[in-house]
Structures are given as C-alpha cells and as structure tokens.
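Following: one structure in structure tokens, then a few remarks.
The values are calculated or read from the model by the stated rules, or taken from the named source; none is laboratory data. Small disclaimer: the values here were computed from a predicted structure and weren't measured. Cβ coordinates were reconstructed from backbone atoms using ideal geometry, including for glycine residues, and neighbour counts include every protein chain displayed. Side chains are part of the model used for accessible areas, which takes the heavy atoms of the whole protein and leaves out ligands, DNA and RNA. Shrake-Rupley method; radii C 1.70, N 1.55, O 1.52, S 1.80 Å.
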Amino acid sequence: MFATIKAIWTNKDIRNRILFTLFAFLVYRLGSAITVPNVNTADLVAGLGENSLFAMMNLLGGGGLEQFSVFALGVSPYITASIIIQLLSMDVIPSLTELSKSGANGRKTLDKYTRYLAVVFAFVQSITLVYGFSTAYPGLFVGGTSAAKILYTATIFSAGTMFLVWIGDQISVKGIGNGVSMVIMAGIVGRLPKQFTTAYETLVGAESGVENGIALFVAYVAVYLLIIIFVTLISSAERKIPIQYTSSSITLAKQSKSNYLPLKVNSASVIPVIFASSIMMAPLQIANFFTANDFTRGMQKWLGLQTWYSLVIYVVLILFFTFFYTEMQINPEKIAENLGKSGAYIPSIRPGTETKEYISHVLYRITVFGAIGLAIIAVLPHAMPLIWTDMPSNMALGGTGLIIVVGVAIETVKQVQGLLTQKSYKQYYE
C-alpha cells in the first residue's frame with residue numbers, strides 16, 4: 001500500500017492529475033457556499049431536516065440546496081438526462097440506438113443531446129423547487145416573492161448545474177477520471193465532517209443529556225464503518241461463471257481457472273434508488289404548486305418517506321427498478337451469442353439456448369441479493385428516525401450517498417492503478 005502511494009506521488013503526471021482534481025473540488029465547495037442574492041435560508045434549513053426527500057436532494061447536492069447556493073441542484077438534472085437518453089438508446093428510439101452503435105462520433109452526438117436535455121430538466125426542476133420553497137417559506141426571498149425572482153434564481157441554478165458538468169469534464173480530461181461521479185462524491189464527502197460533528201454533539205456534548213454518550217458515539221462510528229464494508233461488498237461482489245474455449249484446448253485448459261464471465265451482484269448500481277426516489281418525489285413537487293389540503297397531506301404520508309407504509313412502497317420500487325435496469329443493461333441472449341462467436345462455452349452447458357437460460361437463471365438469483373442489499377442501504381437513513389424519533393436527520397446511516405461514494409471510490413482506485421500500470425509499461429518499453 002505504501003509503495004503504491006509513493007509511486008503515485010513520485011509520478012509527475014498522476015500527481016498533477018490528483019492536484020487538479022483537488023483544485024476542482026475546492027471550486028465546487030466554494031461555489032456550494034455562495035448563496036443566491038436576496039435569499040433568507042434560515043427557515044429553509046429547518047424545513048429540509050423535516051423532509052426526507054429534500055434532505056436527500058440536499059445530500060446529493062453537497063448541501064447546496066439548504067444554502068440555496070449557485071450549485072443547489074448539483075448535477076442531478078444531468079444524471080437524469082443521461083439515464084433517460086441511455087434507456088431510449090436501448091432499442092426504444094431507432095435513431096438513438098443507431099447513434100449508440102456508431103462508435104466515438106455517435107457517443108459524442110448522444111452526449112450533446114444529453115446536455116441539451118439536462119438544461120431543460122435543470123430549468124424546469126429549478127422553477128418547481130424555487131416556487132415550491134417560496135410557497136412553503138414565504139420569507140425565503142427578501143422583499144417578497146415575484147415571478148422575476150423565481151426566473152432569476154432558476155436561471156442561476158441551471159447555469160450552476162451546467163458549470164458543474166463542465167468541471168466534471170475537466171476532471172475526466174485533466175484529472176483522475178470519472179468526472180461527474182467525482183463531483184457528486186465530493187459534495188457528499190464534504191458533508192461527512194458535519195455529520196460526525198452533529199453526532200458527537202448530540203450524543204456526547206454538554207447539552208446532550210444522553211447517558212453513556214461516548215459509548216454510543218463509538219458504536220455509531222463502528223456501525224457506520226460496518227455499513228461501508230457492507231456497501232463495498234455489495235458494490236464489488238460478482239458471480240464468476242467459468243468459460244472455456246474450443247480452440248487450442250491444451251493451452252487454454254491451463255488458463256481455464258482465470259477465464260470467467262463476471263456478473264455483478266448489483267449490476268444496476270445506484271440507478272434504481274434514483275428512479276424510485278424520483279417517482280416518489282415528483283408528485284410531492286407538483287403538490288407544492290397547490291395550497292395544502294387533506295389530499296396533499298395524505299400524499300406526503302404515502303410518498304414522503306416518513307412513515308412505514310411509504311418506506312414499503314419505496315422498497316418495492318427499488319426492487320422493481322433493480323430487476324428492470326439489470327435486464328436493460330445485461331442481455332443473456334447477446335452474451336450467449338458472443339460466447340458462441342468467440343468459440344467459448346460454459347462447461348456442462350450446451351451453447352445457444354441452454355447457455356442463455358443458464359445465464360438468465362444465475363443473473364436472476366444474484367440480482368435478488370443485490371436488490372435486497374440495495375433496498376436495505378437506501379431505506380436505512382429513513383427508517384432510523386422512525387425508530388429513534390429524536391435522531392437528527394443529518395446523523396442518518398447508509399443511504400444513496402454512501403452507495404455513490406463507495407462505488408466512485410472503487411472506480412477511482414481502479415483508474416489510478418490503470419494509470420500506474422500504463423506508466424510502468426511506457427518506462428519498460430522506453
């Protein structure tokens with residue numbers, strides 16, 4: 001480990017990439033602290049702590065929403081747009097499907113469409129949020145709310161989102177890669193010190209009044225670490241299906257132990273949680289346009305992630321979208337076809353239909369475990385306040401943010417290792 005760290009910092013190219021990435025993080029965190037002019041966020045901070053869905057948006061935005069900062073939306077509109085374009089490219093819209101199979105030029109065109117769609121989503125979401133918050137908190141804007149102020153703030157939010165997308169592009173080109181994902185991770189990690197500080201003050205502080213506060217705080221940290229280990233296992237676990245090749249059987253027989261088809265336990269990553277939360281959040285955002293009544297209050301109970309039956313709906317949606325997105329991402333029939341074309345086969349399984357059915361069966365079984373693990377992690381921060389009613393919202397354990405952080409961290413480590421390996425090859429051949 002120490003040798004790897006030394007190799008990273010002695011390698012000038014990798015060191016410069018890391019420093020550039022850290023500088024980009026600094027710009028992001030500074031922007032998250034810049035509040036839109038003429039906004040009073042005192043009531044907003046308290047209100048976000050009471051709404052689980054907006055608290056999650058605030059977490060994914062790195063705390064920018066509670067500050068009503070220029071980066072309040074984070075890159076969530078771009079993520080939504082990219083997911084929709086990706087789904088539409090899977091034999092839904094023929095022209096997009098053709099572009100997805102057209103190599104680098106096609107991907108470049110799809111990326112352009114994604115950015116255009118992200119601008120639309122950012123502006124619509126900004127108007128919805130600003131209007132909803134101004135209705136819920138009349139003192140949000142200094143001097144009162146007006147259409148001009150709503151449009152002005154929505155424009156700033158949209159510009160902030162696209163600026164973050166640009167920062168992500170720069171991290172991908174000049175930094176250590178995974179640009180947009182790194183931006184999301186930076187926002188989430190940037191709030192961890194505040195989370196642990198709140199936990200310490202709540203459990204150990206002079207005004208906490210909690211018996212055995214130190215022991216509870218140590219237990220809190222220990223449970224947090226155990227959840228990180230669990231998320232890491234879920235994110236990296238895979239089922240390795242051994243494969244063999246028909247050609248050069250004598251040579252390849254020696255390699256049979258290292259030849260396998262990897263199927264991830266959680267192939268869908270955090271996408272099902274984003275889909276599920278978006279579906280539950282959309283009606284609540286629309287309800288903000290109307291005066292509170294029995295119907296909107298009932299909707300808050302059923303979709304607000306603050307009751308046990310709303311959490312059950314959330315879990316069902318996560319399970320559904322996990323299977324749905326996994327099926328969209330992995331095509332057993334195409335895998336079986338590619339194995340046949342490359343002269344590969346699964347031992348004891350006939351090529352063709354039997355191979356497809358075997359892969360489908362294995363994929364279904366491991367996805368069950370992945371979906372359940374994903375649902376547990378996503379529901380945990382919303383379920384804990386129902387168990388411990390006095391628990392502050394920013395002390396929650398697990399959640400979408402932790403899944404993203406662990407996943408991005410694993411990919412970043414692989415990216416850095418790849419850069420080190422690439423540099424070693426260059427030095428060897430030189």
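General remarks:
- Qualifying chymotrypsin sites (Phe, Trp or Tyr not before Pro) in segment 275-349, DSSP loop, other Cβ atoms within 10 Å at most 12: PHE289, PHE290
- Share of carbon and sulfur in the accessible heavy-atom surface of the chain [1.4 Å probe, %]: 64
- Taking every alpha-carbon pair in segment 75-211 and binning the separations at 10 Å intervals from zero gives 11, 26, 27, 22, 11, 3, 1 percent.
- MRE, 222 nm, helices only [DSSP H, n ≥ 4, -39500 (n - 2.57), over the chain, to nearest 500]: -24000 deg cm²/dmol
- Among 91-101, 369-379, 123-133, the peptide with the highest mean count of other Cβ atoms within 10 Å heads the list, and the full ranking is 369-379, 123-133, 91-101.
- Debye intensity ratio in log₁₀ form over the Cα atoms of the chain, taken at each q of 0.10 Å⁻¹: -0.83
- Mean Cβ neighbour count within 10 Å, used as a protection proxy, ranking 218-226, 76-84, 185-193, 408-416 highest first: 76-84, 185-193, 408-416, 218-226
- Remark on segment 289-371: hydrodynamic radius 15.9 angstrom, per the Kirkwood mean of 1/r across alpha carbon pairs.
- Summed over the residues of the chain and divided among them, the accessible surface reaches 53 Å² per residue at a probe radius of 1.4 Å.
- Overall dimensions of segment 70-126 as given by Cα atoms, namely Rg and Dmax in Å: 12.2, 37
- With N the number of residues in segment 292-334, Rg(Cα) / (2.2 N^0.38 Å) evaluates to 1.70.
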